[in-house]
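Remarks on the structure that follows.
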Amino acid sequence: MTEPTFGMTFIRDSSEPSPAGSGDMSIAGFVLPSDDADPSVFPYHVAVSFNSTDLAYLSKLGTGPAYRVVAKINAQLAPLQIGARVAMVRVPQGATLDETIANICGDPAAGTGWHAMLQVGQRLGLIPRLLGSPGFTGKFTRTAGATTVASVVKGGGNTGNGTLTLASAPAYGGSVKQGIYQVRCVGGAFAASAQAKVGNVGNGAISGVAAGVGAAAGVYTATCFAAAANGGTFVVEGPGGQTIGVVTVGQAFTGPVVFTIADGATDFALGDQFQITVAPAVPANGGVFSVKDPDGVALAEATVGVAYTGGHIKFTIADGASDFAIGDGFDVTVGMTGGVAQANPICALLPQICNTLLARAFVGGPGTTKQDALDWRETINSETIIALDNWDIVRVGTSDVEEDGATVAIGQQIAADFENGGLPLHAPANRPVQGIVGLKRYDSFALTSDATDGQVLLAHQIGITQRGELGLETAISGSGFVLICTDTCSDDPAWRMINVCRLRDYEHLALLRTTRRRLGRTNITLHGVQAVLNDHITFLADLEGKGAILPGWKVGFEVDKNNPENLRLGRIRTFYAAEEPPTLKHVTVDSRRDRESLNLLIDDLVTSTDQLLGLAA
């Protein structure tokens, strides 16, 4: 007997909509090495959860990549945001980069590397949904192809008749790029000349002028600061205005420049000056040449008579009967056919990890050239992956260090979520980047032109960081550094925007949480199915109110998607249709003339004239 014969029974009615809530979408998950971390706090291949500003954990992370990403995330946090939630899996640093990448990928059977992160839900009761291994996702390889190298004297000819001879095959290294390498004579020595400043009082002369040890191109000055009969003392300053010594009349000065000032018939006065100009020069039977790759990046210099070897092109420049002159040079053309880029192993693995955790991964590119970034991007096709090629420079102690800027995007995504109460409403775009001192590569960019490197990268769904420029309206900002990152690596335009994909993840997780409470406790009746739909309706109405979905959403139960057999098995199928607001990426303004304004002006003039004539009468 379940009810009293004489009394009362209370039954909770579960027909009211259940409140929906989603988990934290802003927990960051990293798999990285840090050799000097405390193994008692951060053992290998075990996920550890902590707040990013918790000194008890920060002090145990060591100084390696694991610590650096947490420090950079903290630099991006929003006002009043105390810290970010982080799940970290530490892996051993390999003897080579490839070995470290293999450790980061890990072994699914052993549960190491990224596969250790899959256990974090059961172990720690949280799921990281912003993933990355910054600094290790940009290395990729190319299959072997055909490479040709040819050299010619630069256009316009040379003064010197020396030659450039390519090395025996192969005349290139592993870092060679397709295009033209420019090899130009920049000198190898310095020549100096001097002249008296116009207006000198004294008529003494300067002689024995030459470039000395440590000379640099520019104008040196020797200025009289202590006059004396038949003498005087001069201060010698370098091209930057720095004092490099003093010299008295009649004595030889030896330093970056060499000279002697002699007394004249008229003594020197305060402020009299000589200017010594130092300029690059080509030594007899020699010379030094600059080398720039096809992207204009300066490589190591080449010296006449010394074999030029390295990762790019290989050659030797020989002297001729006529010496080289400044500006002489050669163009070395590299052609490549065949060969394709192969994916980075971590980038290849992360879609699987992301699909399991319902997460998104931010991966940094090679950080070398635009073409390398495009080739690397071609190996990725997944809406779970967000690609960037925005390596930056940070100050560590007294040194400048290059770092993968993908960490910045994760930190800014965490900050953007925080500013919207945990809702993933916005992509990490057009937000100032903090904690960096510069960029490894500065890509050309303009808001009004697609013919810039930055716009080309964005068109291929590669996020970038740009430097602001004062007074330039077509720049992304007037100052500082700004991240631009809006898209995933999806081939489907409908699921390309970061905020759209993450909002849909948020919706699915919230509906999962609210609907699971109905399972086993609600029967398939008109009342029971309506209760499920009411849960959906309440949740979506709340999202619309927060601006997370646009008005016009729908919830329903379709006859053609349900049948008696499935209902007998306890299975129903519902639907909801909603549109997440897309990120504003481009504005077209139709700028027109307005003829009607002139008609109004005419009317005003007529009225005003009539009034004036009436007053005059």
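The values are calculated or read from the model by the stated rules, or taken from the named source; none is laboratory data. Values in this document were obtained by computation on a predicted structure and should not be read as measured data. Here the Cβ positions follow ideal geometry from the backbone for every residue, glycine too, while neighbour counts run over all protein chains shown. Keep in mind that these areas ignore ligands, DNA and RNA; they rest on the heavy atoms of the full protein, side chains included. Shrake-Rupley method; radii C 1.70, N 1.55, O 1.52, S 1.80 Å.
Figures for the structure shown
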item: Degrees separating the helix 65-76 axis from the principal Cα axis of the chain, which is the longest one; result: 80
item: 20 Å-binned pair-distance histogram of the chain (Cα, whole percent); result: 15, 32, 28, 17, 6, 1, 0
item: Two-site FRET efficiency, residue 343 against residue 494, from Cβ-Cβ distance with R₀ of 22 Å, rounded to 0.05; result: 0.35
item: Carbon/sulfur fraction of accessible area - the chain, other protein chains in place, 1.4 Å, %; result: 54
item: Inter-part distance where the range 416-488 and the range 550-617 are each reduced to a Cα centre, Å; result: 28
item: In the chain, lysine pairs closer than 26 Å at Cα, eight or more apart or cross-chain; result: 27
item: Principal-axis tilt of helix 345-357 within the chain, Cα atoms, nearest 10 degrees; result: 30
item: Rounded to whole Å, sorted largest first: equivalent-ellipsoid semi-axes of the range 151-307, Cα gyration tensor; result: 45, 14, 12
item: Residue-normalised accessible area of the range 35-117, given per residue in Å² at a 1.4 Å probe; result: 42
item: Contour minus Cα-Cα distance for residue 521 and residue 371 (0.36 nm per residue); result: 48.2 nm
item: Separation of alpha-carbon centers, the range 242-290 and the range 87-164, rounded to whole Å; result: 52
item: Residues of the range 349-457: accessible area per residue with a 1.4 Å probe, Å²; result: 37
item: Gyration tensor (alpha-carbon) shape descriptor, the range 375-514, a/c threshold 1.5; result: prolate
item: Principal-axis tilt of helix 526-545 within the chain, Cα atoms, nearest 10 degrees; result: 30
item: Neighbourhood charge, 13 Å Cβ-Cβ cut-off, centred on residue 421 and excluding it, Lys, Arg +1 and Asp, Glu -1; result: -3
item: Modelled FRET efficiency - R0 60 Å, residue 301 with residue 11, Cβ distances, 0.05 increments; result: 0.10
item: Label-point separation, residue 446 to residue 576 (7 Å along Cα→Cβ), nm; result: 4.6
item: Gain upon complete extension [residue 479, residue 595; 0.36 nm per residue less C-alpha separation]; result: 37.8 nm
item: Prolate/oblate/rounded label for the range 342-414 (Cα gyration tensor, a/c 1.5); result: oblate
item: Length-normalised contact order for the chain - Cα pairs under 8 Å, 6+ apart - percent; result: 15
item: Cβ-based net charge around residue 163, under 14 Å, with every Lys or Arg adding one and every Asp or Glu removing one; result: -3
item: Estimated 222 nm signal from helices in the chain, with DSSP H stretches of n ≥ 4 weighted -39500 (n - 2.57), rounded to 500; result: -7000 deg cm²/dmol
item: Potential lengthening between residue 97 and residue 205 on full extension [0.36 nm per residue; Cα-Cα distance subtracted]; result: 32.7 nm
item: Stokes-Einstein D in µm²/s, Kirkwood radius over Cα pairs - the range 445-514 at 25 °C with 0.890 mPa s viscosity; result: 175
item: Two-decimal Rg to Rh for the range 6-137 - Kirkwood Rh, Cα set; result: 1.19
item: The range 343-415 - charge dipole about Cα centre, Lys and Arg +1 at Cβ, Asp and Glu -1, debye rounded to 20; result: 240
item: Near-label residues of the range 89-107 by backbone N, under 12 Å of a point 7 Å along Cα→Cβ of residue 123; result: 89-91
item: Rough spin-label spacing in nm, given labels placed 7 Å along Cα→Cβ, for residue 333 and residue 605; result: 6.3
item: Contact order relative to length of the range 1-130, as percent, for alpha carbon pairs under 8 angstrom and 6 or more apart; result: 33
item: Heavy-atom surface of the range 216-316, accessible at 1.4 Å and reported per residue (Å²); result: 44
